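Remarks on the structure that follows.
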Amino acid sequence: MSQLEIDGLHMSFPGRRGIAPQHVLRGVDLQVGQGEFVSLIGHSGCGKSTLLNVVAGLLRPNSGRVLVGGQPVTAPGPDRAMVFQNYSLLPRLSLLANVREAARSANPQAPRERIDETVERYLSAVGLWEHRNKRPRQVSGGMQQRTAVARAFAVGPRILLLDEPFGALDALTRARLQEQLLELWANESTTETVLMVTHGIDEAILLADRIVVMGNPPQPSIVDIIPVELPRPRDRVTVIDDPAYRQVQQRLLDLLHADQQAVA
Amino acid sequence: MSVTGHVTKVENTAVAMPPQPAPESPVAPESEAAVESAAAPEPGAAAAPSPDAARPTWLAPVQRTAAAVGWGLLGGLLFVGLWAVVAYRSGDLPSPSSAFSTLIDLLADPFRDGGETDKGIGLQLAISLGRVFSGFALAALVGVPLGLLIGGSRRAWQAVNPVVQILRPVSPLAWFPLGLVVFKDAPNAAVFVIFVTALWPTVLNTAAGAASVPEDQHNVARVFRFSRFSYVRNIVIPHALPSVVTGLRLSMGIAWMVIVAVEMLSGGTGIGFFVWDSYNASNLSAVISAILLIGCIGVVLDCLFLWLSRLVGAKESGQ
């Protein structure tokens, strides 16, 4: 059984004056297996973030359903944690308090020592334990996003939802964070499944097992699903020369280009 | 209707803000660094030999300050001059010189207490300040939690808003008779009027601040399943704090205006009574002296809250 199952999801945003209603999700079906890393890619407005928010339980779809471990999703839950696009740390709390507050809220029954231990482990894993007492605005964007990643893992989710997590970072910081993310996902945590929205073709290929290409109308919501059959661990330098990498890259470029043509 | 729609949210403008872009004007909290560097001469910059600058760099801010003070004095003199002309023409109004000499007489023994109604002006002002602060504190005690509640809950907002909107435009003085009946005591009724005065701006600004929690912070609370308590403590209150201080500042400003009117009604003690009593004794110089002192204290109160709002504003930016 798939860990995450999305069935016939439809979602429209009502139009305002002069703007037609937008049918953002047009019958989305997707199964994600336990331990899979799936990327959602597509042009702006194709509904990839909306889909992620529905899975998170932040938005209710017009029709269709989302099942996590066979249970329908109606609200956010501790089995799913999210890393937001704009870091979204609480500005008045220290990095430590940001992570701890989330870990504590998501696991209200857990003993304090275990929470503290978890928080320390993940903050150390992203290299921020020495900076734990700083406020978000006192550290760089990359450090803020690492805190957000630590916060999501510290909750102990089974499914991790990432909404363009590294979009606002420079290339070097992004590369380091991608590696930290893979390391945490593969070795350090109980998190099994990752669903990541991204704009980056290379990021999607480097990280994902499957890439879901989403399109704007008149195309269907899911244009294609491309498996990435590259062995792990993938080295960002050498993987580029793999023919399979080239093949997926070309395929993605073609699909995204076609989608843009269709819209224009 | 949105919360913010009705709320008078005044920015942290300075009390005496010159309209020209002077860097020393205490306007925006985020320009503090700029203010500092403009006000405090950098030792290195002053010592460095600059080819085209004949004057040392620290001179410029000094000149700007001197110019501001100069124009301020000129405006003051013009005002006094105008006053002198009007007073001379009317014949009934006291001239500036007689008003100032009365002011000096009054300030010579401000805390004289000759019983019942014969009190020094300092004592009268202190009594009024005491009433304002009591009413204001009560309003903050009630208004801030109420504002947080209606800012955080749509239902509470819908329940409270009609009542607030109807009562808000009413002059607080209209509450005085009710206060008299309930408290059977004029001074307490005056405190009650100040309470009502300060309540609305506090409630509405707090509500506006609490209602404007950014979507992403709200989503963080939902995804990580913050408890109601944790949400209010870690997200709503920190976010609302600057608006709360703005509300308190507005409340204090209005309360200080209203207290004069209330004490004219209530009689007995306080600066408002002093003004009315002086009028009845045909001592208009004392009235004008009181006006000047009320104004000065108002400025001091406003500066106090401006400082407070800078303090919470600075915390916001992670200092």
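Largest first, how would B:Val170, A:Val139, B:Val300 line up by accessible area (1.4 Å probe)?
Largest accessible area first, the residues go B:Val300, B:Val170, A:Val139.
Which whole-number percent gives the relative contact order of chain A, counting Cα pairs below 8 Å spaced six or more residues apart?
23 percent
If contacts are Cα pairs under 8 angstrom and at least 6 residues apart, what is the relative contact order of segment A:88-156 in percent?
51 percent
Roughly how big is the B-A contact, given as buried accessible area in Å² (both sides, 1.4 Å probe, nearest 100)?
Using a 1.4 Å probe, the pair buries roughly 2000 Å².
In the P(r) worked out for segment A:88-156, what percent of Cα pairs fall beyond 16 Å?
Summing the P(r) of segment A:88-156 above 16 Å gives 35 percent of all pairs.
Where does the protein assembly as shown land at 222 nm, in deg cm²/dmol rounded to the nearest 500, when only DSSP H runs of n ≥ 4 count, each adding -39500 (n - 2.57), divided by all residues? Intermediate results must be reported in sequence, preceding the final value.
Values: 20 runs with 314 residues, N = 583.
Per the formula, -18000 deg cm²/dmol.
Quick check on segment A:133-175: take the gyration tensor over C-alpha atoms, sort the square-rooted eigenvalues as a ≥ b ≥ c, and tell me if it's rounded (a/c under 1.5), prolate or oblate.
Details: a/c = 2.67, a/b = 1.24, b/c = 2.16.
Taking the square roots of the gyration eigenvalues as a ≥ b ≥ c, segment A:133-175 is oblate.
Alpha carbons only, please: Rg and Dmax for chain A, in angstrom.
Cα radius of gyration and Dmax of chain A are 18.6, 56 Å respectively.
Among the residues of segment B:215-252, which ones have their accessible area go down by 30 Å² or more when all the protein chains sit together, as opposed to their chain alone (1.4 Å probe)?
Residues meeting the cut-off: B:Asp216, B:Gln217, B:Asn219, B:Val220, B:Arg222, B:Val223, B:Phe224, B:Arg225, B:Phe226, B:Asn234, B:Pro238.
Considering only segment A:157-228, what is the antiparallel percent among its DSSP beta bridges, to the nearest 5?
On the way: 5 of 10 bridges.
Just about 50 percent of them are antiparallel.
Roughly how many Å² of A:Arg246 are accessible to a 1.4 Å probe, to the nearest 10?
Probe radius 1.4 Å; accessible area of A:Arg246 about 120 Å².
How high is the relative contact order of segment B:112-214, given as a whole-number percent (alpha carbon pairs under 8 Å, six or more residues apart)? Don't skip to the end; give the middle numbers.
Details: 99 pairs, mean separation 41.8, N = 103.
Answer for segment B:112-214 is 41 percent.
Compare B:Trp307, B:Trp175 by solvent-accessible area with a 1.4 Å probe and give them largest first, with all protein chains kept in place.
Accessible-area ranking of B:Trp307, B:Trp175, largest first: B:Trp307, B:Trp175.
Between beta-carbons, use under 10 Å as the cut-off and find the net charge around A:Gln85, counting Lys and Arg +1, Asp and Glu -1.
-3
Rounded, prolate or oblate, given the Cα gyration tensor of segment A:176-248, with a/c below 1.5 counting as rounded?
The shape class here is oblate.
Springs between alpha-carbon atoms under 10 Å, Gaussian network over chain A: tell me which of A:Arg151, A:Arg232, A:Arg174 tops the mean-square fluctuations.
In the Gaussian network model the winner is A:Arg232.
Using only Cα atoms and rounding to the nearest 10 degrees, what angle (0 to 90) does helix A:112-125 make with the longest principal axis of chain A?
The helix A:112-125 is inclined about 60 degrees to chain A.
Highest GNM mean-square fluctuation, chain A, Cα pairs closer than 10 Å: which of A:Asn187, A:Asn86, A:Asn107?
Maximum among the listed residues: A:Asn187.
Which is farthest toward the positive dipole end of segment B:121-316 among B:Ala190, B:Ala156, B:Phe273, measuring Cα position about the Cα centre, with Cβ charges +1 (Lys, Arg) and -1 (Asp, Glu)?
Highest projection toward the positive end goes to B:Ala156.
From the Cα gyration tensor of segment B:159-260, with a ≥ b ≥ c the square roots of its eigenvalues, which class applies: rounded if a/c is under 1.5, or else prolate if a/b is larger than b/c, or else oblate?
Judged from the Cα gyration tensor, segment B:159-260 comes out prolate (a/c at least 1.5, a/b above b/c).
Taking the full set of protein chains and a 1.4 angstrom probe, give the accessible area of B:Trp200 in square angstrom, rounded to the nearest 10.
Around 30 Å² of this residue is reachable by solvent.
Roughly how tilted is helix A:171-183, in degrees to the nearest 10 and between 0 and 90, from the longest Cα axis of chain A?
Helix A:171-183 sits at roughly 80 degrees to that axis.
Run the 1.4 Å probe and let me know the accessible area of A:His257, rounded to the nearest 10 Å².
Here the accessible area works out near 110 Å².
Restricting the count to DSSP beta bridges whose residues both fall in chain A, what percent are antiparallel, rounded to a multiple of 5?
Of the beta bridges lying entirely in chain A, close to 55 percent run antiparallel.
Pull up the DSSP beta bridges for the protein assembly as shown and report the antiparallel fraction as a percent, rounded to 5.
55 percent
How charged is the neighbourhood of A:Leu184? Take every other residue with its Cβ under 11 Å from the Cβ of A:Leu184, and add Lys/Arg as +1 and Asp/Glu as -1.
Within the 11 Å Cβ shell, the charges total -1.
Taking the solvent-accessible surface of protein heavy atoms with a 1.4 Å probe, what is the per residue accessible area of the protein assembly as shown in Å²?
50 Å²
The values are calculated or read from the model by the stated rules, or taken from the named source; none is laboratory data. In this text the structure is predicted, and so the values were computed from the model without any measurement. Every residue, glycine among them, receives a Cβ derived from its backbone with ideal geometry; neighbour counts consider all protein chains shown. The protein model used for the area step is the full one, side chains on, heavy atoms only, and it has no ligands, DNA or RNA in it. Shrake-Rupley method; radii C 1.70, N 1.55, O 1.52, S 1.80 Å.
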